[in-house]
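Working notes, structure below.
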């Protein structure tokens, strides 16, 4: 009996979720840009190519071969970025890892077709873990769409949370396999380790640290998001370094040391009109075998990366600019925070990115050649928070019919003025050379754009409109809420009002997830995470992030995967929300049970103790 009393507490721990999927043979199509497709194989016969063709065509994906070699699946076709060739590669699963293969006939087992260079990088997803969130907003197009699912009945207390003393968590939460990656920004005013930014790898089921890396301080705050490429983790930092880690151990494999190249005038001031940040690289994305990011000094860069060779520069786009005694001319501007967006436009992989000079840039992603540059906003002296500056081109989303949804703001941290425009992706213009297809004088941040709809949190602009047009032609009063618009910018439904959402939205399994920007002290008008129906905007659940404080502002989009929602905020915490209620763990690791017992093992322990006491009383 004494032994039972001593043993039972060993099992008084939170239940860990298991992300293992069905164990049968399966085929993976990995587009190499964060988009994947899985198909279970039952009694499959033929060649690896013929099975892939059947699966791809069943999914509605284009499929082409040449000489028995796969050349195209979906919008991904064999091509080079700079001097780096990217091609469809066959991988076989040996039970523990993927290995590139030139086999032809299928004889059972799981396999993958992945779009990577030379087979040197292997897929992140595996037959036992079929979902991942490898980059900001899920893929190189920043779609915000997850092919997984979230909790339908989110529990409080949350399954787990982890707090830090080293600053805010403003990066996206990246998930691959059993691991979760993010950065902290360094605590303001602190010296030593807490004052420096960090990179963390956690066990995503428990929140326990797997490895951590302290970066040196830069000239700004860390708001970019990590990127998973195969077994590597890429991080851009405000110290102008770009790190490549072994994502399992934290070993630094290679580092790019960028050299700032701002256009200066004769007074050694940055010559352009827009706001200037001195923060190094933007959030990176991975597509067609290349890592892409912008820089604060106005460049857009493409690098290949492998464990063997580290980073190799593929191309460097440097927009036109001239600085002379007559003043500054050109289209160069500061790139800050926002990731490039890459999408197929009429058979060309194109890269889109916006600057704080008010321009949107469209490049050939394979060569870095400029296709078009258009100034989308120029507020000048009418810019309220930053007088004289043009404003910023923020989020850019690509529609399936080849248009861009471009969010333009005054460039302030808390934007007051701006608008959203829809333009042609191939020209940056509207039809017949006009400025746009449509324009809404509202602030719209981080929408999700599907085949036929735009889901976005919309708020009024100081110089904007007070009404929006519905799809039936009627007008409705503009409120701060989540809207579903059709691709012509007309309202199809509007949710109830929500106060101040700065995070991008995430769509998973018919549910929209959003994170409040306003802090927990304003609950229920702030400090929470909300799930609403994509069908009609009705609220499914809303949960307060706890622990919280007056400082827990959040700009981090929700990562939704395997029934869990991961978010971070300025409290300096990462939270895991699921259908599993967990213990409330203080910053010092103490378990605090505020409202009863939150795990079955405590009831078992109490039952065993009572049983032992009864037996002792009866026997003695």
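The values are calculated or read from the model by the stated rules, or taken from the named source; none is laboratory data. Given the structure is predicted, the values throughout are model-derived calculations rather than measurements. As a convention, Cβ positions derive from the backbone with ideal geometry for all residues, glycine included, and neighbour counts pool all protein chains shown.
When the test is whether a residue is surrounded by 17 or more Cβ atoms within 10 Å (Cβ to Cβ), more than 28 Å from the chain's Cα centre (by Cα) and part of a loop (DSSP other than H, G, I, E, B), residue 428 does not pass it.
Is it the case that segment 87-110 has a residue that's closer than 19 Å to residue 228 by Cβ, touching a residue at least 60 places away in the same chain (Cβ under 8 Å) and assigned to a loop (DSSP other than H, G, I, E, B)? No.
For segment 79-86, does any single residue satisfy the condition of being at pLDDT 95 or above, more than 26 Å from the chain's Cα centre (by Cα), within 30 Å of residue 350 (Cα to Cα) and crowded, with 16+ Cβ neighbours inside 10 Å? Scanning segment 79-86 turns up no residue that is at pLDDT 95 or above, more than 26 Å from the chain's Cα centre (by Cα), within 30 Å of residue 350 (Cα to Cα) and crowded, with 16+ Cβ neighbours inside 10 Å.
Only a single item in (1) crowded, with 20+ Cβ neighbours inside 10 Å; (2) under 19 Å from residue 353 (Cα atoms) is not met by residue 321, and it is number (1).
Collect the residues in segment 122-145 that are surrounded by fewer than 23 Cβ atoms within 10 Å (Cβ to Cβ) and part of a strand (DSSP E or B), keeping them in residue-number order. Correct list: 126, 129, 145. From the list 71, 131, the one residue that fits, being out of contact with any helix residue (DSSP H, G or I) (no Cβ under 8 Å at 6 or more places or on another chain) and within 30 Å of residue 531 (Cβ to Cβ), is 131. For segment 456-530, no strands (runs of 3 or more DSSP E) sit wholly inside it while including 1 or more residues that are closer than 18 Å to residue 445 by Cα and not assigned by TED's automatic domain parsing to the domain that holds residue 398.
The residues on offer are 504, 508, 453, and the sole one that is in contact with a helix residue (DSSP H, G or I) (Cβ under 7 Å, 6 or more places away or on another chain) and buried (at least 18 other Cβ atoms within 10 Å of the Cβ) is 504.
Residues are listed down the side, and each one gets a yes or a no for (1) under 28 Å from residue 490 (Cα atoms); (2) buried (at least 24 other Cβ atoms within 10 Å of the Cβ):
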| site | (1), (2) |
| --- | --- |
| 351 | yes, yes |
| 370 | no, no |
| 378 | yes, no |
| 395 | yes, no |
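For beta carbons closer than 6 Å, sequence separation of 6+ or different chains, a first residue in segment 183-202 that is assigned by TED's automatic domain parsing to the domain that holds residue 251 and at pLDDT 90 or above and a second that is surrounded by fewer than 19 Cβ atoms within 10 Å (Cβ to Cβ) and assigned to a loop (DSSP other than H, G, I, E, B), the qualifying pairs are 185/221; 194/165; 196/217. Restricting attention to segment 162-182 and to residues that are within 23 Å of residue 129 (Cβ to Cβ) and not in a loop (DSSP other than H, G, I, E, B), the residue that is farthest from the chain's Cα centre (by Cα) turns out to be 162.
Does residue 214 satisfy the criteria of being out of contact with any strand residue (DSSP E or B) (no Cβ under 9 Å at 6 or more places or on another chain), farther than 27 Å from residue 83 by Cβ and surrounded by fewer than 17 Cβ atoms within 10 Å (Cβ to Cβ)?
Values: out of contact with any strand residue (DSSP E or B) (no Cβ under 9 Å at 6 or more places or on another chain): no; farther than 27 Å from residue 83 by Cβ: yes; surrounded by fewer than 17 Cβ atoms within 10 Å (Cβ to Cβ): yes.
So residue 214 fails the test.
Counting the residues of segment 433-459 that are over 25 Å from the mean Cα position of the chain (by Cα) and modelled with pLDDT under 95 gives 1. Quick one: which strands (runs of 3 or more DSSP E) sit completely within segment 238-306 and have at least 3 residues that are crowded, with 24+ Cβ neighbours inside 10 Å, in contact (Cβ under 8 Å) with a residue 60 or more places away in the chain and not assigned by TED's automatic domain parsing to the domain that holds residue 116? The strands (runs of 3 or more DSSP E) meeting that bar are 285-287, 290-294, 300-306. Do we find a residue being out of contact with any strand residue (DSSP E or B) (no Cβ under 7 Å at 6 or more places or on another chain) and either surrounded by 14 or more Cβ atoms within 10 Å (Cβ to Cβ) or farther than 23 Å from residue 338 by Cβ (or both) anywhere in segment 433-446? Yes, some residue in segment 433-446 is out of contact with any strand residue (DSSP E or B) (no Cβ under 7 Å at 6 or more places or on another chain) and either surrounded by 14 or more Cβ atoms within 10 Å (Cβ to Cβ) or farther than 23 Å from residue 338 by Cβ (or both).
Within segment 108-121, can you find the residues that are surrounded by fewer than 21 Cβ atoms within 10 Å (Cβ to Cβ) and closer than 21 Å to residue 304 by Cβ?
Of segment 108-121, the ones surrounded by fewer than 21 Cβ atoms within 10 Å (Cβ to Cβ) are 108-109, 117-120.
Matches in segment 108-121: 117, 118, 119, 120.
Go over the candidates 184, 134 one by one and state the one that is under 30 Å from residue 63 (Cβ atoms) and touching a strand residue (DSSP E or B) at 6+ places or on another chain (Cβ under 8 Å). Every option except 134 fails the conditions. For segment 546-559, indicate whether the set of residues that are part of a strand (DSSP E or B), closer than 30 Å to residue 125 by Cβ and out of contact with any helix residue (DSSP H, G or I) (no Cβ under 7 Å at 6 or more places or on another chain) is non-empty. Scanning segment 546-559, I find at least one residue that is part of a strand (DSSP E or B), closer than 30 Å to residue 125 by Cβ and out of contact with any helix residue (DSSP H, G or I) (no Cβ under 7 Å at 6 or more places or on another chain), so the answer is yes.
I'm trying to understand the selection: among the residues of segment 531-540, which are surrounded by fewer than 18 Cβ atoms within 10 Å (Cβ to Cβ) and either outside the structural domain of residue 396 (by TED's automatic domain parsing) or touching a residue at least 24 places away in the same chain (Cβ under 8 Å) (or both)?
Result: 535, 536, 538, 539, 540.
Condition (residue is in contact with a helix residue (DSSP H, G or I) (Cβ under 8 Å, 6 or more places away or on another chain) and under 30 Å from residue 83 (Cα atoms)) applied to segment 401-412: is it met by at least one residue? Taking every residue of segment 401-412 in turn, none turns out to be in contact with a helix residue (DSSP H, G or I) (Cβ under 8 Å, 6 or more places away or on another chain) and under 30 Å from residue 83 (Cα atoms).
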